[in-house]
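Everything on this sheet refers to the single structure shown next.
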Amino acid sequence: MLTTEVADFAVADRVGLPEDVIARGRIHILDSLGLALAGTRSRGSKIAYDHVTNIKSADARATVLGTELRTAPRLAAFVNGTTIHADNFDDTNPQSVLHRNGGIHASGPILAAALATAEATGASGTDLETAFHVGVEIACKLNHSIAARHYEGGFHPTGTLTVFGAAAACGRLLGLDAASMSDALAIGASRASGVRRNFGAMAEQLHGGHSAECGLAAADLAARGLVGADDILEGRFGYFDAAGGGWEEEAIRGRLGAPWTFVDPGIWIKPYPSGALTHPAMSLTLNLAREHDIVSEKIAAIRVKTNRRIANTLIHDRPRNALEAKFSMPFCLAIVLAERRAGLAEFTDEMVGRADIQNLISKIHYSSFDEPGSDYTNVTTLLEIDFTDGETITGRADFAPGSTADPMGFDDVAEKFRDCADYAGWPVEKSTQAIAMVERLGELKNITELVRTLSAQAS
């Protein structure tokens with residue numbers, strides 16, 4: 001049975017992590033930790049923090065990153081998962097071509113759950129990163145295999161399928177055997193949720209936190225003896241049936257760790273805090289703006305095209321606030337034209353409402369081109385810019401920086417981490433320490449050393 005195969009993979013004594021996978025994993029762990037710091041500034045994260053502080057817990061074994069708060073592991077996982085995902089700046093694994101579904105932000109929720117469990121249990125850096133890789137691998141392969149209806153019908157894999165990955169990661173850290181791990185997956189299936197209608201709304205930020213908390217809780221309940229169906233993924237009325245209407249066996253059978261998703265097809269690091277599907281267009285527009293010294297006032301019209309599936313995700317052509325702007329192709333192009341950059345400071349309600357930005361948005365026409373078989377891995381963007389003097393320039397982008405075609409290395413992500421930490425007002429000394437610790441994560445005897453560096457408590 002598939003559920004048994006997944007559970008066996010999650011608890012295997014030797015998972016065979018290659019050195020290149022370990023190295024890529026540390027890049028993505030560092031990326032997520034930086035986003036946890038930056039995300040503390042978001043309103044949604046502050047609400048999640050306030051929610052947790054009002055829940056009294058005697059089990060204060062885990063840290064809410066970037067704060068002084070220690071609380072129950074599941075609550076820390078909830079807030080940390082929310083903050084990592086809060087700015088839509090977290091990494092993305094694109095869907096396989098088999099079902100042409102949307103991608104999944106797996107690293108953040110799974111790291112949030114695993115880190116809280118690792119801190120509570122005194123796990124080592126090696127323990128943490130092995131659990132992290134197992135969880136991300138399971139979540140991504142499940143996303144590759146579930147039928148298209150899952151995403152097209154409105155589910156958000158970051159809020160659904162990462163629950164299974166988080167359960168696996170935490171279950172491994174708790175020392176579950178294969179039978180109990182299967183139970184953890186079954187328990188997680190009854191809690192896995194999150195819908196795309198919330199794209200552009202504050203509630204979408206919770207998808208990362210909810211899945212982290214639910215996965216951790218599922219592992220804990222299984223460790224205490226709660227039992228679930230042993231065919232929860234593939235069985236009749238199981239998760240694939242209920243949430244997808246089917247699944248593609250060849251996308252997951254015998255493919256866990258063969259190859260590891262971090263290597264093939266890879267996981268993209270985001271250069272901008274918006275939906276990854278906007279990034280080829282943003283990078284292309286930025287390059288053209290610099291090359292041609294484009295003056296916004298001289299633009300008559302902009303036409304941008306992607307395939308239909310991408311347009312189906314970027315649902316806010318005329319955004320009303322910063323959250324909607326993250327899923328808005330017109331805003332993303334307008335901001336890079338006006339500011340020549342698009343960082344955390346550019347995605348604000350004030351920027352969305354600015355007169356010159358609104359004027360540019362009104363000139364941008366976003367549509368789709370027909371291309372049979374196009375999916376979410378095909379991020380080709382076609383751009384035409386008309387000027388008031390009659391000139392037109394065109395461009396095409398097939399990938400963006402941070403994708404597997406143009407990957408970011410450790411030093412690149414370290415710079416992104418510093419930017420995120422600076423945005424959060426984090427001390428430079430602590431940022432430098434955290435980067436160094438992640439780079440040598442396998443040497444840490446106890447993960448608390450890293451967590452302490454990312455806590456606002458005195459070291």
_segment 115-180: relative contact order as a whole-number percent, Cα under 8 Å and 6+ apart_ = 47 percent
*asked:* Between residue 415 and residue 440, what's the calculated FRET efficiency when r is the beta-carbon distance and R0 is 25 Å? Round to 0.05.
replied: 0.85
*asked:* Less than 15 Å Cβ to Cβ from residue 386, Lys/Arg counted +1 and Asp/Glu -1: what total charge do the surrounding residues give?
replied: 0
*Fewest first, what order do 183, 127 take by the number of other Cβ atoms within 10 Å?*
127, 183
_Helix 43-53 axis, angle to the chain major axis (alpha carbon atoms, nearest 10°)_ = 20 degrees
*Among 79, 379, which comes first, second and so on when ranked by fewest other beta-carbon atoms within 10 Å?*
379, 79
*Integer Hz, Karplus 6.51/-1.76/1.60 couplings in order for segment 113-119, x for Gly and Pro*: 5, 5, 5, 4, 5, 5, 5
_So, R0 is 41 Å and r is the distance between the beta-carbons of residue 369 and residue 224; what FRET efficiency does that work out to, to 0.05?_
0.15
*Quick one: helix 125-145 against the long Cα principal axis of the chain, what's the angle to the nearest 10°, folded into 0 to 90?*
60 degrees
*Could you compute the FRET efficiency for residue 389 and residue 341, with r as their C-beta to C-beta distance and R0 at 22 Å, rounded to 0.05?*
0.25
*Between residue 203 and residue 320, what length in nm is gained on full extension when 0.36 nm per residue of separation is reduced by their alpha carbon distance?*
40.5 nm
*Which distance in nm do the two modelled labels at residue 422 and residue 58 give, with both placed 7 Å along the Cα-to-Cβ direction?*
4.7 nm
*Mean Cα-pair separation over length for segment 178-227, i.e. relative contact order, pairs under 8 Å, 6 or more apart, %*: 64 percent
_Nearest 500 deg cm²/dmol is fine: what mean residue ellipticity at 222 nm does the chain get from its DSSP H runs of n ≥ 4 alone, each adding -39,500 (n - 2.57), divided by its residue count?_
-15000 deg cm²/dmol
*Using Cα positions and a limit of under 25 Å, work out the lysines in reach of residue 56, with same-chain residues fewer than 8 apart set aside.*
46
_Selected from 348, 394, 286, residue furthest toward positive end of dipole (segment 276-397; charges at beta carbon)_ = 348
*Which of the listed residues, 131, 114, 256, is farthest toward the dipole's positive end in the chain, when Lys, Arg count +1 and Asp, Glu count -1 at the beta-carbon?*
114
*asked:* Taking the Cα centre as origin and putting +1 on Lys and Arg beta-carbons and -1 on Asp and Glu beta-carbons, what dipole magnitude results for the chain, to the nearest 20 debye?
replied: 960 debye
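Every number here is computed from the coordinates shown, using simple stated rules; none is lab data. Since the model is a prediction, treat every value here as computed from it, not as a measurement. With ideal geometry, Cβ positions are generated from the backbone for all residues, glycine too; neighbour counts draw on all protein chains shown.
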